[in-house]
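Each reported figure results from applying straightforward, stated rules to the coordinates on display, with no laboratory input. The structure displayed is predicted, hence computed values, not measured ones. A quick note on method: Cβ atoms are made from the backbone with ideal geometry, for glycine too, and the neighbour counts reach across all protein chains shown.
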Amino acid sequence: MNTALLCRALIALSCLGFLSDGLAARMNADRGGAPGPAAGQAPVRWEAFSEQLFERAKRERRFVLLDLEAVWCHWCHVMEETTYHDPAVASAMPNRVIAVKADQDANPELSRRYDEYGWPATIVFAPDGTEIVKRRGYIPPERMAKLLKAIVADPSPLRYVDQSSIEVQ
């Protein structure tokens with residue numbers, strides 16, 4: 001078995017909780033990989049969706065990022081393991097964004113509202129609850145980091161063709 005494959009397997013086992021984070025980070029660093037969250041950068045800290053979170057968002061002047069996922073969704077798990085564990089994404093969140101994760105099966109109202117988007121669905125809200133951007137499917141770490149920076153720079157909501165559309169005017 002080659003070393004890179006072994007390291008990836010150990011890192012995957014660590015993400016699943018089977019190895020200590022420190023061992024996986026050292027293995028990744030030993031093979032020249034970028035240090036991940038285990039090497040000092042905590043992954044995104046998730047909260048539950050609630051109406052009260054928008055009161056907090058207003059008070060703290062923070063955006064709300066909703067990650068609407070399904071436990072059976074492959075790309076939801078990939079996004080959690082790659083995008084939300086990426087140091088650039090994780091570091092962009094704590095000061096400007098309240099990160100919220102919701103299971104679409106357990107939240108039928110949210111599921112119905114965003115079912116056109118598939119899973120995962122990523123919605124970013126202004127502190128007052130106005131939708132700024134809606135994205136469907138897997139968002140790679142680089143694109144997510146750019147998206148978060150763009151929203152902070154210009155939080156104007158995107159105008160969609162209609163309520164259920166993903167097409168922007």
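Quick look at the numbers
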| item | result |
| --- | --- |
| Hey, residue 142 free of Cβ contacts under 8 Å to residues at least 12 places away in the same chain and surrounded by fewer than 18 Cβ atoms within 10 Å (Cβ to Cβ) or not | no |
| Failed item, numbered, when residue 75 is tested on (1) out of contact with any helix residue (DSSP H, G or I) (no Cβ under 9 Å at 6 or more places or on another chain); (2) loosely packed, with under 15 Cβ neighbours inside 10 Å | (2) |
| Hits in the range 58-82 (condition: of a type in the set (D, E, K, R) and under 18 Å from residue 115 (Cα atoms)) | 67, 69 |
| Residue in the range 120-136 that is of a type in the set (Phe, Trp, Tyr) and over 24 Å from residue 52 (Cα atoms) present | no |
